[in-house]
1. When you check Ala129 against the structure, is it more than 16 Å from the ligand (Cβ to nearest atom) and either within 29 Å of Ile257 (Cα to Cα) or without any contact (Cβ under 8 Å) to a residue 12 or more places away in the chain (or both), yes or no?
2. Going by what's in this entry, would Asp168 be described as more than 16 Å from the ligand (Cβ to nearest atom), assigned to a loop (DSSP other than H, G, I, E, B), surrounded by fewer than 14 Cβ atoms within 10 Å (Cβ to Cβ) and not hydrophobic (A, V, I, L, M, F, W, C)?
3. Name the single residue that is farthest from Gln263 (Cα to Cα) among those in the stretch 132-152 being among the small types (Gly, Ala, Ser) and within 16 Å of the ligand (Cβ to nearest atom).
4. Considering each residue of the stretch 231-280, count those that are within 18 Å of the chain's Cα centre (by Cα) and not in a strand (DSSP E or B), and give that number.
5. Taking the stretch 77-99 as the search range and keeping residues that are closer than 12 Å to Ala137 by Cα and touching a Pro at 6+ places or on another chain (Cβ under 8 Å), which one is surrounded by the most Cβ atoms within 10 Å (Cβ to Cβ)?
6. Can you tell me which of (1) of a type in the set (A, V, I, L, M); (2) within 24 Å of Leu98 (Cβ to Cβ); (3) at pLDDT 95 or above is the one Val279 doesn't meet?
7. Could you please let me know if Thr237 is in contact with a Ser or Thr (Cβ under 7 Å, 6 or more places away or on another chain) and of a type outside the set (A, V, I, L, M)?
8. When both residues are 6+ apart or on different chains and their Cβ atoms are under 6 Å apart, which pairs have a first residue that lies in the stretch 87-100 and is touching a residue at least 24 places away in the same chain (Cβ under 8 Å), and a second that is near the ligand (Cβ under 8 Å from one of its atoms) and part of a strand (DSSP E or B)?
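The values are calculated or read from the model by the stated rules, or taken from the named source; none is laboratory data. Just so we're clear, the structure is a prediction, and the values are computed from it rather than from any experiment. Every residue, glycine as well, gets a Cβ built from its backbone with ideal geometry; the counts of neighbours run over all protein chains shown.
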Amino acid sequence: MSRAFLCIILVLCTTLLTACSSNSAMQPMKSDSTMMMSMPMNTAHNHDTDNAIAHFSVQASSKSLLANQDATIKILIQNKRSQPIVSFDRLHEKLLHLIVVSKDLAYFNHIHPEYKGAGLFEITTQFPADGEYKLYADYMPTGIPEIVQAHWVTVADTSARPIVLVPDKQLFRIVDDIEVSLSFDHLMAGMDLAMTFTINDAKTKKPITHLQPYLGAIGHVVAIRADTKQFLHFHPTDNSGSGPTAKFQTNFPTKGIYKIWAQFQQHDQLYTIPFIIEVP
Ligand SMILES: [Cu+2]
């Protein structure tokens, strides 16, 4: 895929998302087993995603939705006439990617609900603590460009003070037995830029050169702006690499503080490496 095309897809996704998240998507919602949530995300807008609407529902395993208890997330994809959309194209080997983040972006989970047929995706998961969570569904109905639609979920008590995101002073992280540094050729909103991760063994400091493909690519990167209104899903410029560097060509459409999660795999272990950056 050419870089230009990649960027167009990226910008399109984020534009649609920001356009859509101005209404119902931003409403925090209480969710429990007695109330099945189903919220159209973008019914008021007149663009391509009107042809596909993700209806989210979260069902608790007990009376109310609590931290560290099973919760079943159902995502029903319908067209604007409320008929299920049944055919999806694979996007990085999966029919639907679900990113779950806490409101303060401290928590990140990238999961893949199972397709049950008739437009319905389902997965059982747990939320690690009380608070508000945003669910981003990233999918591609056959014949429609990639879509990202989001939904808020409230888990139990939300009185806890959120953590304020502070940009990392050094873009360097150790996660388990690997160390990862992040660099940009230049970092500015609205400009095409190259984002490069360099991965070394944390003990030996030797470059890691045997990364395994994860979802058909050397790695996957998600970035979410601190206010959660901008969601970016980056794909590598070269799918065939195996380390120690992983390069992503991208574009942050707006200024602000972003949290980035890079995901790489080696020895069948998946690593998720977070960074916090400020895009000027
Ligand atoms: Cu995914």
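1. Taking the combined requirement at face value, the residue satisfies it.
2. No, not satisfied.
3. Once the filter is applied, the top-ranked residue is Ala150.
4. Number of matching residues: 4.
5. Looking at residues that are closer than 12 Å to Ala137 by Cα and touching a Pro at 6+ places or on another chain (Cβ under 8 Å), I get Ile77.
6. Just one mismatch for Val279, condition (2).
7. no
8. If the second residue must be near the ligand (Cβ under 8 Å from one of its atoms) and part of a strand (DSSP E or B), the pairs left are His97/Asp138; Leu98/Ile111; Ile99/His110.
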